[in-house]
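Written out below as structure tokens is the structure these notes cover.
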Amino acid sequence: MTQPLNGITVLDFTTLLPGPLAALMLAEAGADVIKIERPGGEDMREGPPRWDGASINFGMLNRGKKSIQLDLKAKDAIARLRPLIEKADVLIEQFRPGVMERLGVGYDAIRKINPRIVYCSISGYGQKGPRSGEAGHDINYIASTGLLALSPGTQQSPTIPPALIADIAGGSFPAVMNILLGLRQRDLTGEGSYIDIAMTDAMFTFTWHALAMAAGGYGYPGPGEARLTGGSPRYQIYPTKDGKLVACGSLEPKFWASFLDAIGMTKDEVNEKDAEGAKARIASRIREQTADHWQPILAKADCCATIVASVEEALRDTQFADRGLFEHQLKGPSGATTMALPVPIAPGYRAKPGAVATAELGADDKLLG
Ligand SMILES: CC(C)(COP(=O)(O)OP(=O)(O)OC[C@H]1O[C@@H](n2cnc3c(N)ncnc32)[C@H](O)[C@@H]1OP(=O)(O)O)[C@@H](O)C(=O)NCCC(=O)NCCSC(=O)C(=O)O
């Protein structure tokens, strides 16, 4: 089976989540990814959750990649890496700006060896600027760009978002997208390029509604005040009698009318001009019944309202399972298998359902010169 990135070699110097996930997506689309780890492995240092005798974090994010261990500070490190640099199409790194240069593998040094390389740096704040050297994690990136402050209750009862938005949507996805652009540009010009991904950049794209409100003269919305951040009864989470939740996204008039009809309420009973009152009245109605009661009613009403599923329940939902997403397997050191992390490469581009891959630290050390 031919995949879009067959024949593309990626050198992956990344750690934690954003870069490893970006490279995993490239691997899933057929690229040959070689991950370079410090001896012993980055993810092995603080005793992360283990499975089958190995780090499950490492396995989940690095399946299907080749793995080499190398002390980049060793005198012969660059010489040993050189054959890989010469044949690589893509390099991804995710250290603090300046680290790769100090190690002797910054863009200028690599470009001299291989001018066709597409070199992608992922960082929090970008390669230049007053904050470029600041350490940070996802929470800091969504905090400093205004995104976190849009959440309901950020003052009274702050909540940690359930997903690493900056890491994945600000780091992994833009990295993959821009690497593909870099490869396309190389097809056109014959030359490689340098890509500076700042996870904070994309967070401003996520504040689009606040920016639109301000541009429209309505002012910047406060925490939970905007239509899609909790301000509207149409876009809300309502608890059921049995401790489950209804996620209501009945924004458009026709869906809102169907939702109210499905729960047995009228527009007159729900005065949207009093948003808090409307939310309370709907909440009290939804709380009268269980999720099992509401689920078929809301599904039949076709009104953009669904029951909030746990991860376990979602995995059992045939809608998702039938797409072959959960059929890829990760094989551990003893040969045991578990479900591999699904990544959003389209069916037809990704490996066939049922593919089994390993992730073994240092398994490919022989690739070094
Ligand atoms: C995550 C960090 C804050 C971690 O900071 P630090 O632990 O201080 O690491 P630095 O990147 O500054 O430096 C790494 C050091 O390791 C050395 N280093 C790295 N790899 C090697 C190998 N293979 N061999 C020898 N030495 C090595 C490198 O030379 C640096 O040393 P010296 O040269 O001696 O300095 C930073 O890496 C960073 O800002 N990265 C970009 C943004 C980012 O990834 N943020 C986290 C997203 S993940 C996330 O939010 C989450 O999962 O949670």
The conditions are (1) over 25 Å from Asp167 (Cα atoms); (2) in a strand (DSSP E or B), and Gly7 fails exactly one of them. Which is it? (2)
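Please work out which residue is nearest to Leu26 (Cα to Cα), limiting yourself to the range 49-89 and to residues that are among the acidic types (Asp, Glu) and touching a Ser or Thr at 6+ places or on another chain (Cβ under 8 Å). Please lay out each step first, then the result.
Going through the range 49-89, the residues among the acidic types (Asp, Glu) turn out to be 52, 71, 76, 86, 89.
Keeping just the survivors that are touching a Ser or Thr at 6+ places or on another chain (Cβ under 8 Å) gives 52, 89.
Working: Asp52: 26, Asp89: 12 Å.
Here the residue is Asp89.
Taking the range 129-140 as the search range and keeping residues that are surrounded by fewer than 20 Cβ atoms within 10 Å (Cβ to Cβ) and either outside the structural domain of Phe95 (by TED's automatic domain parsing) or within 10 Å of the ligand (Cβ to nearest atom) (or both), which one is farthest from Phe206 (Cα to Cα)? Write out each step before concluding.
Filtering the range 129-140 down to residues surrounded by fewer than 20 Cβ atoms within 10 Å (Cβ to Cβ) leaves 129-137, 139-140.
Those left that are additionally either outside the structural domain of Phe95 (by TED's automatic domain parsing) or within 10 Å of the ligand (Cβ to nearest atom) (or both): 132-137, 139-140.
On the way: Ser132: 21, Gly133: 23, Glu134: 22, Ala135: 22, Gly136: 19, His137: 17, Ile139: 14, Asn140: 15 Å.
Filtering the range 129-140 for residues that are surrounded by fewer than 20 Cβ atoms within 10 Å (Cβ to Cβ) and either outside the structural domain of Phe95 (by TED's automatic domain parsing) or within 10 Å of the ligand (Cβ to nearest atom) (or both), the one farthest from Phe206 (Cα to Cα) comes out as Gly133.
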Whichever residue in the range 1-53 is within 12 Å of the ligand (Cβ to nearest atom) and hydroxyl-bearing (Ser, Thr, Tyr) and, among such residues, is surrounded by the most Cβ atoms within 10 Å (Cβ to Cβ): Thr14
Can you report the number of residues in the range 184-201 which are among the hydrophobic types (A, V, I, L, M, F, W, C) and either outside any helix (DSSP H, G or I) or not assigned by TED's automatic domain parsing to the domain that holds Ala143 (or both)? 3
Residue satisfying condition, being more than 16 Å from the ligand (Cβ to nearest atom), touching a Leu at 6+ places or on another chain (Cβ under 7 Å) and not charged (D, E, K, R), within set Thr207, Thr189: Thr207
Run down Asp242, Asp268, Asp302 and say which single residue is exposed (fewer than 13 other Cβ atoms within 10 Å of the Cβ), more than 30 Å from Ser55 (Cβ to Cβ) and modelled with pLDDT under 95. Asp268
Going through (1) part of a loop (DSSP other than H, G, I, E, B); (2) in contact with a strand residue (DSSP E or B) (Cβ under 8 Å, 6 or more places away or on another chain) one by one, Phe259 fails only at (1)
Of the residues that sit in the range 141-157 and are out of contact with any helix residue (DSSP H, G or I) (no Cβ under 8 Å at 6 or more places or on another chain) and not small (Gly, Ala, Ser), which one is nearest to the ligand (Cβ to nearest atom)? Gln155
Considering residues of the range 158-180 that are away from the ligand (no atom under 14 Å from the Cβ) and assigned to a loop (DSSP other than H, G, I, E, B) only, the residue surrounded by the fewest Cβ atoms within 10 Å (Cβ to Cβ): Thr159
Since Pro221 meets every condition but one in (1) in a loop (DSSP other than H, G, I, E, B); (2) touching a strand residue (DSSP E or B) at 6+ places or on another chain (Cβ under 6 Å); (3) not acidic (Asp, Glu), which condition does it not meet? (2)
Does the range 106-129 hold any residues that are touching a strand residue (DSSP E or B) at 6+ places or on another chain (Cβ under 7 Å), within 21 Å of Ala27 (Cβ to Cβ) and among the polar types (S, T, N, Q), and which are they? Ser121
Could you give me the residue pairs with C-beta distances under 8 Å whose first residue belongs to the range 124-135 and is under 18 Å from Asp167 (Cβ atoms) and acidic (Asp, Glu), whose second residue is at pLDDT 95 or above and within 10 Å of the ligand (Cβ to nearest atom) wherever it lies, and which are 6+ apart or on separate chains? Glu134/Gly124; Glu134/Tyr125; Glu134/Asn140
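With the condition being in contact (Cβ under 8 Å) with a residue 12 or more places away in the chain, I'd like the helices (runs of 4 or more DSSP H) fully within the range 278-369 carrying at least 2 qualifying residues. Give the steps one after another, and end with the answer.
On the way: elements: 291-301, 311-316, 318-321.
Here the list reads 291-301.
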So the check is Cβ under 9 Å with 6+ separation or different chains; which pairs have a first residue in the range 143-161 that's outside the structural domain of Ile237 (by TED's automatic domain parsing) and without any contact (Cβ under 8 Å) to a residue 12 or more places away in the chain and a second one that's crowded, with 16+ Cβ neighbours inside 10 Å and not in a loop (DSSP other than H, G, I, E, B)? Ala143/Ala149; Pro158/Leu148
Scanning the range 83-105 for residues that are out of contact with any strand residue (DSSP E or B) (no Cβ under 9 Å at 6 or more places or on another chain) and within 14 Å of the ligand (Cβ to nearest atom), which turns out farthest from Asp365 (Cα to Cα)? Gly98
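The values are calculated or read from the model by the stated rules, or taken from the named source; none is laboratory data. Quantities reported herein were computed from a predicted structural model and do not represent experimental measurements. Neighbour counts are summed over all protein chains in view; Cβ atoms, including those assigned to glycine, are modelled from backbone coordinates with ideal geometry.
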